[in-house]
1. With a 1.4 Å probe and all protein chains left in place, how much accessible area per residue does region 96-194 have, in Å²?
2. Read phi for every residue in region 119-124 and hand back ³J(HN,Hα) as whole Hz from Karplus 6.51 cos²θ - 1.76 cosθ + 1.60, θ = phi - 60°, with x for Gly and Pro.
3. Between the helical axis of 295-312 and the dominant principal axis of the chain, each derived from Cα atoms, what acute angle in degrees is found, rounded to the nearest 10?
4. Could you point to the residue in Met173, Ser278, Gln195 farthest towards the positive end of the chain's charge dipole, with +1 and -1 charges on the Cβ of Lys/Arg and Asp/Glu respectively?
5. Any idea of Glu42's accessible area? Nearest 10 Å², probe 1.4 Å.
6. Would you mind getting me the FRET efficiency between Lys294 and Glu50? Use the beta-carbon distance for r and R0 = 51 Å, nearest 0.05.
7. Give the angle, between 0 and 90 degrees and rounded to the nearest 10, that separates the Cα long axis of helix 156-167 from the longest principal axis of the Cα atoms of the chain.
8. Sequence-distant or interchain residues sharing an amide H contact under 5 Å with Phe265, placed H: which?
Amino acid sequence: MRKSCHVLIRTGRVPTGPTIPERYLGQIRELADRVSYSLLDEEVPMDVLEDIDVLFGNGTLDDFSYLNHARKLKWVHSFSVGIDNLLTEHIRQAPITITNSRGCNSASIAEYTLAVILSWSKGLHHFAKQQEQKIWKRVPAIEVGGSILGIVGYGAIGKEIALRAKALGMQVMACRRTIKADHAEPVDRFVIPEQLSELLAESDFVVNCLPSIPENKGFFNELAFSAMKRSALFINIGRGETVSEQAVLNALADKTIAGAYLDVFIQEPLPTDHPFWSIDNLFITPHNSFASPKNMDRISTLFCDNLLRFIQGKPLQNVVNKEKGY
């Protein structure tokens, strides 16, 4: 039996928020009985809020307290993979299904990660500074083939990173909660969290892909950085809360590790007086690793497919475990 369906789409103002291509909006209007629109900085009219069945919004940017009044709400899809703001106590307890956009930005984040590795290995960060000063000076370089990449928090993003790393001849280690015998995975060796120190000690590049859940807060601490090679590069494309900022500062100051590229932070935008801005061999990007002109096509395709499934009463894709938070 076909379900009736009122969809609310909540987006940010361009260019700060995602925009849904018109062809997908047309599909949503064809599938749903009613479609409403709201910007993130606007209040949702109460008559709309009390009638919606589906919300298509941003799990990290929106304030979802208004959903307490959405009595008919059955499903929320997040533009983002992260759903930090979405897991309110009300949402956790209510019979509301949450799906996210896991996998939709994995390719762009993986490309960012490999770009960082190559830039570091070939000294491009040094050359950029030298060009500003008109300095002609060669610097040592690293050949990434044969080096070891360690991925902490292996999922859709980690797999895309691993695929590209293997194409460059790198060896890949990955840490995840359980190890499954799957020869299709582009990983040379999996470890469980209890074996993390082995991955950290062997890796030339350590990539953090961990989600923001309570048990991951400050996961990369002084102990984790002290287990790494002094020549290691640390890359964070996971969540800011999973890394102790003081531990990063100490590790770089003490030369416990060689460098760090950080794309995510506890506070965003990063305050102008934050000590990260002035640290040598720490490189900051403004939570931009996901950026791609193809993302909204992938996200919208996933949502439209799930909307049809929802209307037909079929299982949805990318359902989030509300207890685990991912």
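The values are calculated or read from the model by the stated rules, or taken from the named source; none is laboratory data. Note that the structure is a prediction, hence the values are computed from the model and not measured. As a convention, Cβ positions derive from the backbone with ideal geometry for all residues, glycine included, and neighbour counts pool all protein chains shown. The protein model used for the area step is the full one, side chains on, heavy atoms only, and it has no ligands, DNA or RNA in it. Shrake-Rupley method; radii C 1.70, N 1.55, O 1.52, S 1.80 Å.
1. 54
2. Per residue, the Karplus-derived 3J(HN,Hα) values read 4, 5, 5, 9, x, 5 Hz.
3. For helix 295-312, the angle is close to 40 degrees.
4. The listed residue farthest towards the positive side: Met173.
5. Its heavy atoms expose roughly 80 Å² to the probe.
6. Efficiency computed from Cβ-Cβ geometry: 0.90.
7. Here the helix axis deviates by roughly 40 degrees.
8. Gly240
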